[in-house]
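Heads up: the structure comes next, in structure tokens.
The values are calculated or read from the model by the stated rules, or taken from the named source; none is laboratory data. The model shown is predicted, which means the values in this text are computed figures rather than measured ones. Positions of Cβ are backbone-derived with ideal geometry, glycine not excepted, and every protein chain shown enters the neighbour counts. The area values use the complete protein model at the heavy-atom level, side chains included, leaving out ligands, DNA and RNA. Shrake-Rupley method; radii C 1.70, N 1.55, O 1.52, S 1.80 Å.
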Amino acid sequence: MRLAVFLGLAGLLCLAPTFQKPTPSAVAWEKPLGPGLAYREEIDFNAHRSIYVLRVSLHSQALRVTPVLAGQKTFESESGTSREPVSKIVAEQDALAGVNGDFFSMTSGPSGDPLGLAVGEGRILSTPSKRVVFGWGPEVSGMSVATFSGVVETSSANIKIDGINRRCPQNEVTLYTPDAGMALSEAPCVRVLLRFGNPVWTPSTVLRGRVVSATTEGASQEIAADEAVLVARGNKMDDLSQLRPGAEVSLTLKTTGFDWAKVDSAIGGGPMLLKNGLVQVDAEREGFGAEFSEQKHPRTAIGRTAEGDLLLVAVDGRQETGDGMTLDELAHLMSRLGCVDAMNLDGGGSTTMNVLGVTVNRPSDGKERPVADGVVVIGPRPSASGERLHLSAPSDLSVGTDQRAQVLSESGTAVADIDVIWGATGSCAIDQGGNLHPLKPGPGTVTAYCHGKLLRANVTVR
């Protein structure tokens, strides 16, 4: 891997910065992770920012970039959520890297349903809100406002579907696909089980099947691969009661906003940051208040460069490693990184980036927040070497005194930092030069990925 220095912020570079008394105003590291994938880390001391960037070539046949649900389903159980930390989502997918995805409700029960559209490798996982959506495929990417409509028809009934894979609201009909894991609703409700022959749940599709059963008992039901469940509550219960066991049904889904023959992945979020190279932040129109948009917070964003590459970006906030950004500052950052289109994702305590099993940023909650979905990069993993490696880090540190961590070979030779991905939690931070920064008294953990292996060391800040 090659080290690339960054001069755009200030022009002064140092490979051993300190958080306490910095001499340079900005430093950066860039580490290729494989063909078509690179990781970049920037520290801007003047602005008090730490920035983390994944750059992915959508043209690479070896890589796939896709949204995934935490636990690969919306609902884990009647009482448990399917939300997971980004590190677990990345591990379950055996992915190279990933970030958190769309916003989600933290108060509406045990749901892992993203608030906006989610399409993963051609499968619709969640329906859109009124906010902007970022979509991509092997050759194209961009933003749009998506809409959804659905209908189930029999010879005697025509019933509107209001949404997919979410806890059924009052006076609505919700469709649950196998990606929901189970149909979950509050009683009283009507629940209808449908069965299809090898259904493919694309954003726009027509499926033909049969009604298997209909009941008003219970509020949850698991869903097999060839099944779907319709649930109605309130004044829609009588409509769904028209579906009788044995009846043939036609199910039509229509999702607008993208050419689904070219776009196989999409993620909701908002608001828009850049459009056609210009800063265009209209947070109020997408339902965000001034406190969200004009104050500095941890941020996550997705964007497209002029060359067609995909950028996933995280910015630390509310802590020693960074104050965060306003949405306008985030838009200008995405522009400086080369994006022509960009969109904000969920941020705050959700902002997390994981690279090869290492959480490289510092989530503002002090630990990773379980989230509803993430965007992951999947591809060939570097093969683990047979060599024995040791992570050397000072076990005792003092606030205000930076020290060095290294990965050592069996012979005691230091491995070049270009071959190491660094991360730290707790009382200390570490940059991609291996410079360990004590932040506050207490325990901490240093993590390093090197030559296919994850290494950890515990440290204490006095």
Check your understanding: Of the residues Gly349, Gly317, which is assigned to a loop (DSSP other than H, G, I, E, B) and either out of contact with any Cys (no Cβ under 8 Å at 6 or more places or on another chain) or not basic (Lys, Arg) (or both)?
Key -> Gly317
Point to revise | Test: residue in the range 246-268 that is surrounded by 16 or more Cβ atoms within 10 Å (Cβ to Cβ), of a type in the set (Lys, Arg), modelled with pLDDT of 95 or more and out of contact with any strand residue (DSSP E or B) (no Cβ under 6 Å at 6 or more places or on another chain) | key: no
**Study point:** Search result, residues across the range 223-241 that are surrounded by 13 or more Cβ atoms within 10 Å (Cβ to Cβ) and not hydrophobic (A, V, I, L, M, F, W, C)
**Key:** Asp226, Glu227, Arg233, Gly234, Lys236, Asp239, Ser241
Review point. Do any strands (runs of 3 or more DSSP E) lying entirely in the range 394-462 carry at least 1 residues that are in contact (Cβ under 8 Å) with a residue 60 or more places away in the chain and crowded, with 16+ Cβ neighbours inside 10 Å, and which ones are they?
Key: 420-426, 428-430, 435-438, 442-450, 453-461
Practice item. Report, by residue number, each residue of the range 59-81 that is modelled with pLDDT under 95, open to solvent by 20 Å² or more (accessible area, probe 1.4 Å) and assigned to a strand (DSSP E or B). Key: Thr81
Study note, to complete from the structure: Subset of the range 191-222, residues open to solvent by less than 70 Å² (accessible area, probe 1.4 Å), modelled with pLDDT of 95 or more and β-branched (Val, Ile, Thr), comes to Val192, Thr202, Thr205, Val211, Val212
Exercise for review: Scan the strands (runs of 3 or more DSSP E) fully inside the range 225-308 and keep the ones with 2 or more residues being touching a residue at least 12 places away in the same chain (Cβ under 8 Å) and over 23 Å from the mean Cα position of the chain (by Cα).
Suggested key: 227-232, 248-256
Practice item. Kindly indicate whether any position in the range 375-388 is touching a Lys or Arg at 6+ places or on another chain (Cβ under 9 Å), buried (at least 20 other Cβ atoms within 10 Å of the Cβ) and in a loop (DSSP other than H, G, I, E, B). Key: yes
